[in-house]
Amino acid sequence: MRVLFWISGVLVLLLAMPAALFFALHLSTGEAVPLARAKAFYRWAVVVVLGTFNIVVFGRVIDGIRALA
């Protein structure tokens, strides 16, 4: 699980940095394109976080089922 968390953390950072950069660019220029890009990067970061959460939860469920058998 530790490897999963490290990979997830790196991916979230790699997706959050451009999201923050494009959002700051949108705030400074008022253009719509950087806002759309910031939203896209943010949404992908959320997908990574939720996917990691699902893997952790279902991994524990599978471990619990194995313990019952």
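The values are calculated or read from the model by the stated rules, or taken from the named source; none is laboratory data. Worth saying up front: this structure is predicted, and the values here are computed from it rather than measured. Reconstructed Cβ throughout: ideal geometry from the backbone, glycine too, with neighbour counts over all protein chains shown. Surface accessibility is based on the protein's heavy atoms, side chains included, excluding ligands, DNA and RNA. Shrake-Rupley method; radii C 1.70, N 1.55, O 1.52, S 1.80 Å.
Assorted remarks:
- Among residues of segment 1-41 being closer than 30 Å to Ile62 by Cα and aromatic (Phe, Trp, Tyr), the one that is least open to solvent (accessible area, probe 1.4 Å) is Phe5.
- For segment 12-52, the set of residues classified as in contact with a Pro (Cβ under 6 Å, 6 or more places away or on another chain) and over 30 Å from Met1 (Cβ atoms) consists of Phe22, Leu25, His26, listed by residue number.
- Output for segment 52-69, where each listed residue is farther than 19 Å from Val12 by Cα, part of a helix (DSSP H, G or I) and open to solvent by 100 Å² or more (accessible area, probe 1.4 Å): Phe58, Arg60, Ile65, Arg66, Leu68
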